[in-house]
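Worksheet for the structure shown next.
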Amino acid sequence: MSHDLFEAARDAMAFAHAPYSKFPVGAAIRAEDGKVYTGANIENLSFPQGWCAEPTAISAMIMGGAKKIVEIAVIAEKLALCPPCGGCRQKISEFASKGTKIYLCDETGVKKTMTMDELLPFSFETEL
Ligand code: THU
């Protein structure tokens with residue numbers, strides 16, 4: 001992965017709206033169009049209404065006209081490695097392939113690289 005995806009995720013984290021958890025998260029997707037789409041977690045006073053950084057980035061990608069996650073970087077300010085939560089794994093997989101790379105970062109760079117299949121093994125699949 002080039003360093004720019006990590007930097008994009010780290011920069012996106014600065015936009016987090018996380019006054020309740022105080023746990024900012026950033027995500028950056030490189031899509032099949034070569035562009036980078038970013039997101040941060042956006043919380044709400046009605047706590048269940050908030051959402052994670054990954055779906056913010058996915059939304060940006062979809063509204064940018066792209067459909068495929070080539071690689072994605074995730075970073076949290078207060079955790080050396082921030083594995084995407086269960087719901088985010090399913091959301092990422094909707095637009096990924098089994099070999100799509102997921103980079104777990106800290107403030108210095110990529111600390112762990114995983115594939116989609118490693119992050120969400122035995123995932124839900126149908127013939128639909
Ligand atoms: N969070 C993310 O943004 N992504 C994840 O994969 C894990 C959790 C956010 C949700 C909430 O705003 C904060 O981290 C604390 O759980």
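The values are calculated or read from the model by the stated rules, or taken from the named source; none is laboratory data. Keep in mind that what you see is a predicted model, and the values were worked out from it rather than measured. No Cβ is skipped: glycine too gets one built from the backbone with ideal geometry, and neighbour counts run over all protein chains shown. Note: areas computed on protein heavy atoms with side chains; ligands, DNA, RNA excluded. Shrake-Rupley method; radii C 1.70, N 1.55, O 1.52, S 1.80 Å.
Can you find a residue that is acidic (Asp, Glu) and closer than 18 Å to Phe6 by Cβ anywhere in region 66-82?
Applying the first criterion (acidic (Asp, Glu)) to region 66-82 yields 71, 77.
Next, only the ones that are closer than 18 Å to Phe6 by Cβ stay: 71, 77.
Yes, that holds for at least one residue.
Could you check Ile92 against (1) more than 16 Å from the ligand (Cβ to nearest atom); (2) within 12 Å of the chain's Cα centre (by Cα); (3) hydrophobic (A, V, I, L, M, F, W, C); (4) more than 19 Å from Glu7 (Cα to Cα) and say which number it fails?
Of everything listed in (1) more than 16 Å from the ligand (Cβ to nearest atom); (2) within 12 Å of the chain's Cα centre (by Cα); (3) hydrophobic (A, V, I, L, M, F, W, C); (4) more than 19 Å from Glu7 (Cα to Cα), Ile92 misses just condition (1).
Tell me the residue from Glu107, Glu77 that is out of contact with any Pro (no Cβ under 8 Å at 6 or more places or on another chain), closer than 19 Å to Ala16 by Cβ, charged (D, E, K, R) and open to solvent by 50 Å² or more (accessible area, probe 1.4 Å), please.
From the options Glu107, Glu77, the qualifying one is Glu107.
Identify, please: which residue in region 8-56 is open to solvent by 70 Å² or more (accessible area, probe 1.4 Å) and within 25 Å of Met114 (Cβ to Cβ) and is, among those, nearest to the ligand (Cβ to nearest atom)? Talk me through it step by step, then tell me what you get.
Step one: list which residues in region 8-56 are open to solvent by 70 Å² or more (accessible area, probe 1.4 Å), which gives 10-11, 14-15, 17, 20, 22, 32, 35, 45, 47-49, 51.
Restricting the remaining residues to those that are within 25 Å of Met114 (Cβ to Cβ) gives 10-11, 14-15, 32, 35, 51.
Values: Arg10: 14, Asp11: 15, Ala14: 14, Phe15: 12, Glu32: 23, Lys35: 21, Trp51: 7 Å.
If we take residues in region 8-56 being open to solvent by 70 Å² or more (accessible area, probe 1.4 Å) and within 25 Å of Met114 (Cβ to Cβ), then Trp51 is nearest to the ligand (Cβ to nearest atom).
Taking only pairs six or more apart or across chains, which ones have beta-carbon atoms under 8 Å, a first residue in region 14-37 that is under 23 Å from Gly50 (Cα atoms), and a second residue that is assigned to a loop (DSSP other than H, G, I, E, B) and away from the ligand (no atom under 14 Å from the Cβ)?
Tyr37/Gly64; Tyr37/Ala66
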